[in-house]
Amino acid sequence: MRALFIVNPHATTTTSRTREVILGALASELDVATVETAYRDHARELAATAAAEGYELVLSLGGDGTVNEVVNGLLATPQELARPRYAVIPGGSANVFIRALGVPGDPIEATGAVLEAIRAGREKEIGLGRITSDQDDRYFTFCAGFGWDADVVQQVEHERGNGRKATPALYAEAAVKLFFQGDIRDPSLSVSGGGRSLDHVYFALVTNTTPWTYAGALPLQPTPDSRFELGLDAFALTQSSHALTGWVLSQMFFPKGLPTRGDGYVTWHDQSALRISSSHPRAFQIDGEYLGERKQVNFHSVPKALRIFC
C-alpha cells in the first residue's frame with residue numbers, strides 16, 4: 001500500500017528519535033513517503049494532492065491542528081479520484097480526536113495499533129462537522145467553540161509565540177485566568193437548532209464526539225452522548241455567576257459527563273444543523289485552533305465523511 005506520512009516536526013510530545021522509530025515501523029509494512037510540514041496549512045495542501053499522486057493512505061504525526069489540516073485536505077480530494085484512507089499517530093499535547101477514536105495516546109503504541117488495523121483491514125467511517133460563514137468553509141473533527149474556550153486557545157497560541165510549550169498546565173493556567181478575567185460574562189450569543197432558539201448565551205460549544213477536551217488524563221464531557229456516528233451536539237451556558245459556572249464545569253469531569261438537563265445550561269443532541277450568532281464579534285475556534293473573531297457561524301453534520309484505520 002502506498003502511503004504518505006505527514007509529520008509535524010514541531011509536534012509537542014515527540015522527538016526526532018521517536019519519529020525515526022515510527023517511520024521504521026511504518027516502512028517495514030508500507031511503501032511510505034515522508035514529508036515534514038513547513039508552515040501553517042501545509043498538511044492540508046499535502047493531503048489534498050495525495051490521491052492525484054497515487055497514495056492510497058495518508059498518515060499523520062502531530063496534534064489536533066495537524067489532524068484538522070489533513071482532514072480538510074482529504075475532503076478536498078477531487079470527486080473523480082478515490083479518496084485515500086486516513087490513520088493518525090498522536091504527537092500533540094491533547095490529541096483529543098485521536099483519543100476519542102480509541103487510538104493509544106503513546107505514539108509508539110499508536111503506531112503498532114494503526115499497523116494492526118491496516119493488516120486486519122479494520123476501519124471506521126466517521127462523520128465530521130462543517131462550518132460555513134462569510135469567512136469560512138471547512139471541516140472540524142471534534143469541536144468548535146464561541147467565547148471562553150476560544151479565548152483560551154488564543155491565549156495559549158500567544159504564549160507559544162513567546163516560547164512556551166502547549167502543555168496541559170498552560171491550558172489550565174489560561175482557562176483559570178480567563179474564567180475570572182475574560183468575557184465569560186458576555187451574554188452576546190444566540191444558538192438555534194432543532195426547532196429551538198436560545199438568546200443571551202455566554203459561551204457556546206458544538207461537538208462532533210465526546211470529550212470536548214482533556215485536562216491531562218481527565219476527559220471533560222459537556223455533551224457525553226455526542227458520537228462520530230451521529231449528528232452534532234451543542235452546549236450553551238445560560239448563567240454567568242462564577243459559582244454556578246464553576247459547578248457546571250466541574251460536572252463535566254464526572255465519568256458520565258454533564259447531565260442532559262440542569263441549571264445554567266442548555267444542550268442539543270444529534271442535530272443535522274445548528275447556528276451560533278453574536279451581537280458583536282467573539283473569539284472562535286475549531287479543533288483547538290483559533291480562527292479569529294466571528295459574528296455568525298453555521299454548523300452542519302456531514303455523515304460518513306471519512307474512512308479511517310483505527
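Below are the figures for this structure:
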read-out	value
Karplus (6.51, -1.76, 1.60) ³J(HN,Hα), θ = phi - 60°, over region 256-273, in Hz, Gly and Pro reported as x	8, x, 5, x, 4, 10, x, 6, x, 7, 9, 10, 10, 9, 6, 9, 7, 8
Global geometry of region 212-310, whether rounded, prolate or oblate, following the gyration tensor of its Cα atoms and the 1.5 cut on a/c	oblate
Rounded to the nearest 10 Å², the accessible area of residue 44 at probe 1.4 Å	80
Most to least accessible of 263, 186, 270 (protein chains only, probe 1.4 Å)	263, 270, 186
Bins of 5 Å, starting at 0 and running to the largest distance - Cα pair percent for region 185-240	4, 19, 23, 21, 20, 9, 3, 0
Exposure rank, largest accessible area first [242, 200; 1.4 Å]	200, 242
Sites residue 132 and residue 31, calculated FRET efficiency, Cβ-Cβ separation with R0 25 Å, nearest 0.05	0.10
Cβ-based net charge around residue 233, under 11 Å, with every Lys or Arg adding one and every Asp or Glu removing one	-1
Accessible surface ranking that places the most exposed of 261, 19, 122 first, with a 1.4 angstrom probe	261, 122, 19
Longest site-free stretch - the chain; sites: chymotrypsin sites (Phe, Trp or Tyr not before Pro), DSSP loop, at most 16 other Cβ within 10 Å	40-252
Charge tally in the Cβ shell below 11 Å around residue 131, where Lys, Arg are +1 and Asp, Glu are -1, residue 131 excluded	+1
Summed side-chain charge close to residue 258 - residues other than residue 258 whose Cβ falls under 15 Å, Lys, Arg +1, Asp, Glu -1	-2
Percent of beta bridges antiparallel (DSSP, the chain, rounded to nearest 5)	75
Hits among lysines - C-alpha to C-alpha of residue 124 under 20 Å, sequence gap 8 or more where chains match	304
Trypsin sites (Lys or Arg not before Pro) restricted to DSSP loop in region 149-209 with at most 15 other C-beta within 10 Å	164, 165, 185
Cα gyration tensor shape for the chain, rounded if a/c is under 1.5, else prolate or oblate	prolate
Estimated inter-spin distance, residue 45 and residue 179, nm [label 7 Å along Cα→Cβ]	4.0
Stretch gain in nm, segment residue 296-residue 10, where the contour uses 0.36 nm per residue and the Cα spacing is subtracted	99.7 nm
Separation in nanometres of the label points that stand 7 Å from Cα toward Cβ, at residue 230 and residue 157	3.0
Whole-angstrom gap from region 234-310 to region 83-136, using each part's C-alpha centre	21
Solvent-accessible surface (1.4 angstrom probe) belonging to residue 158, in square angstrom, nearest 10	110
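The values are calculated or read from the model by the stated rules, or taken from the named source; none is laboratory data. Because the structure is a prediction, the values reported are computed rather than measured. Glycine also receives a Cβ, built like all others from the backbone with ideal geometry; neighbour counts cover every protein chain displayed. Please note that ligands, DNA and RNA were not included when accessible areas were found on the heavy atoms of the full protein model with its side chains. Shrake-Rupley method; radii C 1.70, N 1.55, O 1.52, S 1.80 Å.
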